[in-house]
Amino acid sequence: MKIEIFQGVTIAYMRRIGAYGSENRQLMENLKAFLSQHGLFHEKSTILGIPLDDPAITPAEQLRYDVGLIVPAHAAIPLPTRSIDDGTYAVFEVQHTQQGVSSFWQNIGNLTLSIDNTKPIIERYSSPKIAEHLCEFCIPIIR
């Protein structure tokens, strides 16, 4: 685990509303295809996956999931943009496999961090990490 400060992070994104699952993976693929068609997806790209709602309290048909490319604040990209919440995040590197990701989510309750539950946990997919079959989970914390 490492600690990072997020400040001024903007993404150009797509949103899906509905139960979390394989459809979110399809949304990620749709975003990557769109970015590739527009010459915006390359070896230095970083994509964020952001589950915005807690499935324990939000009906499945209302769950929101954003996937977005980190971009400069005023980039001219044909997608909506939004800011990521500034703050301190604990960053965990995880095997980018179904088992690795599932294990992370299953064990998140065992972490001894002061999690800031007002902000979503962010999945981060950078091209260099993906090449190593890794991804990162960024957990907002209170310091």
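The values are calculated or read from the model by the stated rules, or taken from the named source; none is laboratory data. What you are looking at is a predicted structure, and each value in this text was computed from that prediction instead of being measured. Note that we place each Cβ from the backbone using ideal geometry, even for glycine, and neighbour counts take in every protein chain shown.
Values as computed for the structure displayed
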{"quantity": "Region 32-52, residues that are under 13 Å from the mean Cα position of the chain (by Cα) and not polar (S, T, N, Q)", "calculated": "ILE47, LEU48, GLY49, ILE50, PRO51, LEU52"}
{"quantity": "Lone qualifier among ILE5, ILE108, ILE57 - being over 13 Å from the mean Cα position of the chain (by Cα) and part of a loop (DSSP other than H, G, I, E, B)", "calculated": "ILE57"}
{"quantity": "Residue list for region 66-96, restricted to those being farther than 17 Å from MET28 by Cα, assigned to a strand (DSSP E or B) and among the hydrophobic types (A, V, I, L, M, F, W, C)", "calculated": "ALA90, VAL91, PHE92, VAL94"}
{"quantity": "Complete set of residues in region 24-48 that are touching a Lys or Arg at 6+ places or on another chain (Cβ under 8 Å) and at pLDDT 95 or above", "calculated": "LEU27, THR46, ILE47, LEU48"}
{"quantity": "Among (1) within 24 Å of ARG64 (Cβ to Cβ); (2) in a helix (DSSP H, G or I), the one test that PRO128 misses", "calculated": "(1)"}
{"quantity": "Long-range neighbours under 8 Å by Cβ, at least six apart or interchain, first residue closer than 20 Å to GLY68 by Cβ within region 85-108, second of a type in the set (Val, Ile, Thr) and modelled with pLDDT under 90", "calculated": "VAL94/VAL101; HIS96/ILE130"}
{"quantity": "Candidates ILE84, ILE115 - the one that is of a type in the set (Val, Ile, Thr), modelled with pLDDT of 95 or more and within 13 Å of ILE139 (Cα to Cα)", "calculated": "ILE84"}
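Residues checked against (1) surrounded by fewer than 16 Cβ atoms within 10 Å (Cβ to Cβ); (2) within 15 Å of MET14 (Cβ to Cβ); (3) touching a Phe, Trp or Tyr at 6+ places or on another chain (Cβ under 8 Å):
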position: GLY49; (1), (2), (3): no, yes, yes
position: PRO55; (1), (2), (3): yes, no, yes
position: SER83; (1), (2), (3): yes, no, no
position: GLY87; (1), (2), (3): no, no, yes
position: SER102; (1), (2), (3): yes, no, no
position: THR112; (1), (2), (3): yes, no, no
position: LEU134; (1), (2), (3): no, no, no
position: CYS138; (1), (2), (3): no, no, yes
